[in-house]
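Below is one structure, written out as structure tokens, with a few remarks after it.
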Amino acid sequence: MMIVKLSTVKMQRSWQVLVLVLLSLLSLPSSSFSSAELPPTADGKVLELDESNFDLAISSFSYILVDFYAPWCGHCKRLSPELDAAAPQLAKLKEPVVLAKVNADKFTGLAKKYDVDAYPTIKIFMHGIPADYYGPRKAELIVRYLKKFVAPDVSILESDSSINEFVEAAGPYFPIYLGFGLDESVISKFAINYKKKAWFSVAKGFSEDIMVSYDFDKVPALVSIHPSYNNERSIFYGPFEEQFLEEFIKQSMLPLVLPINYDTLKLLKDDERKIALTIVEDEDDDQTKNLITLLKAAASANRELVFAYVGSKQWGEFTDSFGDKKTTLPKMVIWDGKDDYLMVTGSESIIGNDYASEISKFIEGYREGRTEERRVAGPAIIGFISSLMGIRSVYIIVIIVAGIMLYRTKDDNNEYRRVDTPARDQVDQTSSSSSHVERTEYRASDKED
């Protein structure tokens with residue numbers, strides 16, 4: 001009897017020891033991770049990110065482009081196969097660029113964090129820092145565009161052919177700065193600061209043919225080129241002190257005269273200069289083209305202003321925000337890029353055939369302070385609301401208000417039937433109406449890209 005009891009005690013202790021050993025093994029750090037913890041790899045495929053792996057992906061790659069999409073968005077559906085085609089090419093680069101996507105309609109926390117209010121919203125993360133992507137959306141062009149971000153800060157060019165090849169490879173999406181007779185160290189700081197916005201290079205060897213081709217006649221010189229604006233050039237001959245050099249680089253980031261549209265408005269966001277805005281009837285007619293040529297001459301002499309133009313025919317909603325519709329076009333205003341603009345007294349419209357004199361008169365009146373301050377109507381208010389709440393929030397509020405108004409109208413038309421309706425039926429009607437509003441609010445077909 002005693003032996004049996006001793007054996008039982010030993011067995012119990014053995015089981016206790018075994019359990020303790022198993023528990024201690026389980027508590028040891030594991031060499032494997034959950035799928036959410038595994039660092040993603042640049043295998044040439046578009047990564048699918050969510051709230052569990054987004055931060056890990058951003059920290060794992062120096063360069064990663066993220067497409068914030070919605071499954072119902074038509075533009076997103078067209079972009080998806082282009083990203084699939086571009087991903088393997090970008091993964092093969094010496095410094096790979098990774099492509100990824102996030103269902104922002106589902107993972108709203110990420111959408112809110114990165115100010116996603118339209119679809120698709122695309123951002124490029126460079127060493128964890130996000131920047132808006134305004135580039136092309138075709139696979140071949142996406143690859144060409146993104147190569148910019150992994151290129152050297154300053155490219156060293158040794159011959160005429162390497163200069164021409166550099167300009168050709170750079171493509172049309174960024175301004176190009178070519179230094180002739182300059183040391184790399186002179187522009188390297190600015191090349192780093194403006195890497196997201198422009199190409200920078202220094203030519204060590206070049207012929208007189210290159211000087212003729214790029215419109216400079218002495219060295220040292222810094223040439224800026226805008227490939228997307230007929231290769232428009234600006235030449236800077238110094239002084240090459242930091243203050244003057246940066247001033248030239250910042251001012252020549254934009255063409256001499258900028259056409260205003262949805263995309264180019266974004267370019268003005270980082271420019272602190274006031275905008276000499278010319279409003280014309282039609283951007284494409286010959287009269288406007290002649291006017292733009294004269295505006296370029298004025299812009300060259302007044303670089304402290306951004307010169308821009310917009311056609312009433314092309315974007316009437318925008319042009320109507322600047323004063324009386326009855327004002328004769330073309331006309332010029334000085335716009336702060338936000339809520340206010342100035343009319344120059346005596347130069348409300350550019351009239352007559354001598355546009356050059358009218359432009360000079362306008363600039364002179366502005367400098368002398370003969371101005372009247374006015375408030376932008378419409379778009380500035382919409383922009384303010386959007387900046388606070390986001391486009392999606394505005395849409396939702398509009399839909400909710402419309403639903404409430406529709407319900408109240410229906411309620412008023414059927415008031416005589418509600419007089420003897422039991423309380424339970426009234427509750428049922430209210431619940432039904434609330435469900436209707438909720439369905440209307442989130443119906444995919446009502447959303448817009």
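The values are calculated or read from the model by the stated rules, or taken from the named source; none is laboratory data. Quick caveat: nothing in here was measured; it's all calculated off a predicted structure. Here Cβ is always computed from backbone atoms with ideal geometry, including for glycine, and neighbour counts include all displayed protein chains. These area figures cover heavy atoms from the full protein model, side chains too; ligands, DNA and RNA do not enter into them. Shrake-Rupley method; radii C 1.70, N 1.55, O 1.52, S 1.80 Å.
Just a few scattered comments:
- Of the strands (runs of 3 or more DSSP E) lying entirely inside the range 91-173, those carrying at least 1 residues that are small (G, A, S) are 98-103, 129-132, 155-157.
Yes or no, residue by residue, for (1) closer than 18 Å to R233 by Cα; (2) in contact with a helix residue (DSSP H, G or I) (Cβ under 7 Å, 6 or more places away or on another chain); (3) open to solvent by less than 10 Å² (accessible area, probe 1.4 Å):
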site	(1), (2), (3)
E165	yes, no, no
I176	yes, yes, yes
W199	yes, yes, no
A203	yes, yes, yes
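- Tally of residues being within 18 Å of T371 (Cβ to Cβ), open to solvent by 20 Å² or more (accessible area, probe 1.4 Å) and not in a strand (DSSP E or B) across the range 324-358: 11
- Hey, L99 in the same structural domain as V186 (by the TED database) and either among the hydroxyl-bearing types (S, T, Y) or touching a helix residue (DSSP H, G or I) at 6+ places or on another chain (Cβ under 8 Å) (or both) or not: no
- Residue in the range 198-219 that is farthest from the chain's Cα centre (by Cα), counting only those that are in a loop (DSSP other than H, G, I, E, B) and of a type in the set (G, A, S): S207
- Among residues of the range 50-63 that are open to solvent by 50 Å² or more (accessible area, probe 1.4 Å), those with a beta-carbon under 8 Å from a residue that is at pLDDT 90 or above and not in a strand (DSSP E or B) at least six positions away or on a different chain give the pairs E51/F107; E51/G109; E51/L110; S59/G128.
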